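Student: Pasting a structure below so you can have a look.
The values are calculated or read from the model by the stated rules, or taken from the named source; none is laboratory data. Here the structure is a predicted model, which means the values were calculated and not measured. Ideal geometry is used to build each Cβ from the backbone, glycine not excepted, and the neighbour counts take in all protein chains shown. In case anyone asks, the SASA skips ligands and DNA or RNA and just uses the protein heavy atoms, side chains included. Shrake-Rupley method; radii C 1.70, N 1.55, O 1.52, S 1.80 Å.
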Number of protein chains: 2
Amino acid sequence: MAIARSRRIRRYARWDTVIARMSADEPQIQSAFAKRTRLRWIDVEELSLLPSGTLGRVFADHLTVNGLNPNLIDIPVEDDGSYFLAHLYETHDIWHVVSGCGTDEAGEFAVGGFYAAQTEAPFFAFLLGLVFFNTAFSKPEQFRERMEGLARGFLAGRRAQPFFGTDWAALWDVPIETVRRDLGVDANPAYAGDGIRKAA
Amino acid sequence: MAIARSRRIRRYARWDTVIARMSADEPQIQSAFAKRTRLRWIDVEELSLLPSGTLGRVFADHLTVNGLNPNLIDIPVEDDGSYFLAHLYETHDIWHVVSGCGTDEAGEFAVGGFYAAQTEAPFFAFLLGLVFFNTAFSKPEQFRERMEGLARGFLAGRRAQPFFGTDWAALWDVPIETVRRDLGVDANPAYAGDGIRKAA
């Protein structure tokens, strides 16, 4: 995240433009920025007791299977730009689960494409620039998988309703199929890579 | 094209790996590299006399509508890498027409995605790195259109048969619908942007 705070990147990140565009006609996003709603502490053990197929249970299983801790980093929020990144960062694993993108290479690029589609933030274009240089010079054998994930994730993100600002904690006991349907995501999404179907 | 010839880029371009992967189980591509087949001089006036709907006629109309000269640059071929780029370069406008990608921003990115899918060449990952930095720092308002084109073009390129090494000059009088069908392209492709439907 340090790179996002550097002065040069912040100048080009144009958070005000990004936020204005994302918020237009989207009360949920307007409200998120107004209140700077944060994800509350996540009790994974409690979520894992929820009925099978609920968002909370699928999320808890996903965290357990992948050895992830959702409460690891507390990101300070000072302004709209840092709120934007903090919100995306702390909900990253939820986006994985709801969008159906796995944690393999293709899945991470799919989530990246999802971000690009739903935010159109130049910061993600900058990250893609770094990523494609890395692909060209260090990981050419990953080019197809990365592109495949990015392309599928981007188009899925375009089709879906905005994820940003969703009060996920209010949806833990809702069946994930309902959450996906309401957000315009396929019932059994399989954009690229392994997906999260095994955990779900 | 100068950038593709620089020593540093050539070292990372790994043409031998790219060509080996593209050629595997693809006699058409093997033959193209063996013979280094070039596109012959294109007589646009002659093509424009072909029946409506043939590849040659659609191509000629496309060139005329867009003010393009298909014989502008003769690229010297010294080795497999320069043949690869020369072949792509001189058939670029044909790829546009057959894939159905327009010459607007989204269409150019769609052709780029098509190249990436069909060649998996690190050189295109390098170009994408440049392009996304350009997007982040100079053209943030183009991010969506560029990603949309890239994503749709990439997935279309994955679905299609290999374009590389096709003897296009032998197909001028074939209906473009047949050419597209044989190559696994939609009959009326509309990946992104304007497409070439107007010219077709």
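Student: Which residue, of B:G113, B:G100, B:G157, is open to solvent by less than 20 Å² (accessible area, probe 1.4 Å) and at positive phi?
Tutor: Details: B:G113 fails: at positive phi; B:G157 fails: at positive phi.
So the residue among B:G113, B:G100, B:G157 that is open to solvent by less than 20 Å² (accessible area, probe 1.4 Å) and at positive phi is B:G100.
Student: Still on this structure, please answer the following. Of all the residues that make up the stretch A:116-136, how many are polar (S, T, N, Q), open to solvent by less than 20 Å² (accessible area, probe 1.4 Å) and under 13 Å from B:A125 (Cα atoms)?
Tutor: Keep residues of the stretch A:116-136 that are polar (S, T, N, Q), which gives A:118-119, A:134-135.
Those still in the list that are open to solvent by less than 20 Å² (accessible area, probe 1.4 Å) too: A:119, A:135.
Subset that is under 13 Å from B:A125 (Cα atoms): A:135.
Number satisfying all stated conditions: 1.
Student: Looking at B:R7, B:R36, can you tell me which residue is modelled with pLDDT under 90 and open to solvent by 70 Å² or more (accessible area, probe 1.4 Å)? Explain how you work it out, then say what you get.
Tutor: Values: B:R36 fails: modelled with pLDDT under 90.
Being modelled with pLDDT under 90 and open to solvent by 70 Å² or more (accessible area, probe 1.4 Å) holds for just one of B:R7, B:R36, which is B:R7.
Student: So how many residues does the stretch B:15-29 have that are open to solvent by 90 Å² or more (accessible area, probe 1.4 Å) and either in contact (Cβ under 8 Å) with a residue 12 or more places away in the chain or within 14 Å of another protein chain (Cβ to nearest Cβ) (or both)?
Tutor: Looking only at that region, the number is 2.
Student: Let me ask you something else. Looking at the stretch A:90-101 only, could you name the residues that are over 10 Å from A:G149 (Cα atoms) and not in a helix (DSSP H, G or I)?
Tutor: Our first condition is that a residue be over 10 Å from A:G149 (Cα atoms); within the stretch A:90-101, this holds for A:90-100.
Answer for the stretch A:90-101, where residues must be over 10 Å from A:G149 (Cα atoms) and not in a helix (DSSP H, G or I): A:T91, A:G100.
Student: Could you grab the pairs with beta carbons closer than 9 Å, sequence gap of 6+ or different chains, first residue in the stretch A:133-148 and within 8 Å of chain B (Cβ to nearest Cβ) and of a type in the set (K, R), second one open to solvent by 60 Å² or more (accessible area, probe 1.4 Å) and assigned to a helix (DSSP H, G or I)?
Tutor: Listed pairs, sorted by first residue: A:R144/B:R158.
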